[in-house]
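No value in this document is a laboratory result; all are computed from the given coordinates. None of the values given here were measured: they were computed from a predicted structure. Neighbour counts are summed over all protein chains in view; Cβ atoms, including those assigned to glycine, are modelled from backbone coordinates with ideal geometry.
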Amino acid sequence: MNWRGVWAIFHHEMMRFFRTIWQSLASPVLSTVLYFVVFGAAIGGRIESVEGVAYGAFIVPGLMMLTVLQQSVSNASFGIYFPKFSGTIYEYLVSPVGWIEVTMGFVGAAAAKALLIALVILLTSFAFVGVHILHPFWMIAFLVLSAVGFSLLGFIIGLWAKSFEQLQIVPMMVIMPLVFLGGAFYSASMLPPFWEGVAKLNPVLYLISGVRWSFFGLADVPVGVSLLAVGVMVVVCLGVIRWIFATGWRLRD
């Protein structure tokens, strides 16, 4: 394992993030404030609590997961797409690093950025609602696993995309709807039985449910199933990335 190569890629990606730190943090914080105003104040005035939890606090895990998934996908996809676009991807392909080191560098940086912004979202929420984290270790575990899983997915999207338009189509047309339909702002148990069953076909529901359980001890699906879902996602994405580097698909076009 070439750890120096991993660190070089990771450090380069993190420096790009910190060069625009205020822009990177201001947007998600502003979005969080707007979500609290619209959902927490307006809708929260009509829905006082969900399963015994104040609605304003109930949506905090969903907001954090919304940020983690969006940022993980966008950071990882752009991080690997830009070297393809500029032609510097060949420097990675001929350097003494394998697909594991390249993946760890880009995905690790994307996940770290997403987790940092999620922490800022959590701190911002304290200004609006009182939030008690019942299982802090599991909260960190679910956030890290989700960030890594969706950073791997974003990495695949960046390798697949041939244009900036393709780079945005999956996050906007797939990821965003799945998050909003995955119980970010409501519990699946609030839905009619048929639609509750449909909601449980959404893989994002399992991730949000796991994080919400770590906060309040409430879950739409068993916690073990949530862990299994994110574990399967990580394994499948790693398999796809290994195949891409082994075959050169979309790398040497």
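General observations
- Anchor K84: aspartates and glutamates whose Cα lies under 13 Å away (excluding residues fewer than 8 positions away in-chain): D253
- Gyration tensor (alpha-carbon) shape descriptor, segment 127-169, a/c threshold 1.5: oblate
- Whole-Hz ³J(HN,Hα) from phi, Karplus 6.51 cos²θ - 1.76 cosθ + 1.60, for segment 80-92, glycine and proline x: 8, 5, 4, x, 5, 5, 8, x, 7, 4, 5, 5, 6
- Taking I117, I157, I100 as the candidate residues, the one with maximal mean-square fluctuation in a Gaussian network model of the chain, Cα springs under 10 Å, is I100.
- In Å, descending, principal axis extents of the Cα set of the chain: 58, 39, 34
- Karplus-based coupling profile of segment 70-75, in residue order and whole Hz: 5, 5, 4, 5, 5, 5, with θ = phi - 60° in 6.51 cos²θ - 1.76 cosθ + 1.60 and x standing for Gly or Pro.
- 5 Å binning of all Cα-Cα separations within segment 42-171, expressed as whole percents from 0 upward: 2, 11, 17, 18, 15, 12, 10, 7, 5, 3, 1, 0
- Our summary gives the chain a relative contact order of 26 percent, counting only alpha carbon pairs under 8 angstrom and 6 or more residues apart.
- Put a plus charge on the Cβ of each Lys and Arg, a minus charge on the Cβ of each Asp and Glu, and nothing anywhere else: the dipole of segment 166-253 about its Cα centre is then about 260 debye.
- Coupling constants for segment 104-119 follow from the phi torsions by the Karplus curve (6.51 cos²θ - 1.76 cosθ + 1.60, θ = phi - 60°), and in residue order they are 4, x, 5, 5, x, 5, 4, 5, 5, 4, 5, 5, 4, 5, 4, 4 Hz; glycine and proline get x.
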